[in-house]
Amino acid sequence: MSRAVRIGVQLQPQHAPKYGLIRDAVLRAEDAGVDIIFNWDHFYPLTGDPGGAHFECWTMLAAFAEQTERVEIGALVTGGGYRNPDLLADMARTVDHISDGRLILGIGAGWFQRDYAEYGYEFGTPGTRLALLKENMERLSARMRKLNPQPTRDIPILIGGGGEKKTLRLVAEYADIWHTFADLDVLAHKNKVLAEHCAAVGTDQARIERSVQWPGAEQAAALVDAGVSLFTVGVSGPEYDLSEVERAIRWRDEVNPEQVSGLA
């Protein structure tokens with residue numbers, strides 16, 4: 001295992017009629033010991049009552065940045081078609097500064113048609129959304145270099161998706177973290193495809209962290225052997241029950257190598 005295992009929680013901003021419920025969940029998650037607190041970038045619930053309560057992603061991330069002290073924060077993931085990429089770069093830089101360098105910029109091509117229809121964005125096709133994502137990554141990277149002040153660090157880019165021809169090419173070109181929903185067998189195949197893309201663009205594929213949803217401790221060990229080091233537990237409102245997150249944290253602490261103090 002070349003990386004220490006990390007545990008994230010995705011606090012899904014759905015079915016919480018008051019923001020205070022989410023604020024409390026952020027506090028409990030950081031106190032529990034998670035490494036990353038994610039939300040998601042949708043405008044309506046994905047499960048349960050489709051007309052249920054829901055809050056917006058990026059304004060919430062700014063609140064996360066002020067509230068927390070240790071954890072990294074980010075969207076899992078930002079919808080690539082929802083914001084002008086130059087504006088998104090500026091938003092990310094600002095949240096990076098608010099958090100003192102703890103933002104992860106998660107982004108994907110988008111897929112939830114209701115978001116597009118209700119908010120007036122062109123849904124298009126998977127191909128057009130991926131083409132837009134490629135354009136957005138180019139513009140986002142260019143704008144980030146022009147901002148004053150600059151981000152506090154090279155903001156890590158997380159790209160979500162598993163398309164072998166286009167998405168994994170973008171992962172090879174831009175990402176520090178690749179998030180996929182693939183199972184063990186599919187992941188092994190896609191790892192090979194990603195390695196080929198990385199070789200083609202001159203990227204060291206070993207520097208890209210592999211990320212998946214938490215499958216439970218029984219399956220997680222095999223995924224670690226396949227190269228995964230970031231697991232994220234999804235938790236929905238209004239209760240934001242963190243019991244599975246706590247189990248994942250205990251497992252993380254069992255499998256990570258012990259640090260020996262006093263050694264460089």
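No value in this document is a laboratory result; all are computed from the given coordinates. All values derive from a computational prediction rather than experimental measurement. So basically every Cβ, Gly included, is an ideal-geometry build from the backbone, and we count neighbours across all protein chains shown.
General observations
- In the set (1) more than 21 Å from Ile159 (Cβ to Cβ); (2) more than 19 Å from the chain's Cα centre (by Cα), Val34 fails one condition alone, (2).
- Within segment 125-169, being polar (S, T, N, Q), surrounded by fewer than 19 Cβ atoms within 10 Å (Cβ to Cβ) and either under 18 Å from Arg83 (Cα atoms) or within 17 Å of the chain's Cα centre (by Cα) (or both) holds for Thr125, Thr128, Ser141.
- Condition check for Ile104: in contact (Cβ under 8 Å) with a residue 24 or more places away in the chain, more than 17 Å from the chain's Cα centre (by Cα) and over 15 Å from Tyr19 (Cβ atoms): no
- When segment 222-243 is filtered for residues that are loosely packed, with under 14 Cβ neighbours inside 10 Å and more than 14 Å from Arg3 (Cβ to Cβ), the ones remaining, listed by number, are Ala222, Glu239, Asp241, Ser243.
- As for segment 107-125, it holds at least one residue that is assigned to a helix (DSSP H, G or I) and touching a His at 6+ places or on another chain (Cβ under 7 Å).
- Leu184 vs. criteria within 30 Å of Gly48 (Cα to Cα) and aliphatic (A, V, I, L, M): yes
- Considering the conditions (1) over 21 Å from Ile37 (Cα atoms); (2) in contact with a Pro (Cβ under 6 Å, 6 or more places away or on another chain), Lys190 is excluded by exactly one of them, (2).
- Any hit, segment 197-208, residues being surrounded by fewer than 20 Cβ atoms within 10 Å (Cβ to Cβ), under 30 Å from Ser141 (Cα atoms), touching a residue at least 12 places away in the same chain (Cβ under 8 Å) and of a type in the set (D, E, K, R): yes
- Filter result for the condition that a residue is in contact with a Leu (Cβ under 7 Å, 6 or more places away or on another chain), of a type in the set (Phe, Trp, Tyr) and either surrounded by 19 or more Cβ atoms within 10 Å (Cβ to Cβ) or in a loop (DSSP other than H, G, I, E, B) (or both), over Phe64, Phe43, Phe38: Phe38
- Residue match in segment 8-24 (condition: in contact with a Leu (Cβ under 9 Å, 6 or more places away or on another chain), under 16 Å from Trp251 (Cβ atoms) and hydrophobic (A, V, I, L, M, F, W, C)): yes
- Residue in segment 19-28 that is within 30 Å of Ser229 (Cβ to Cβ) and in a strand (DSSP E or B) present: no
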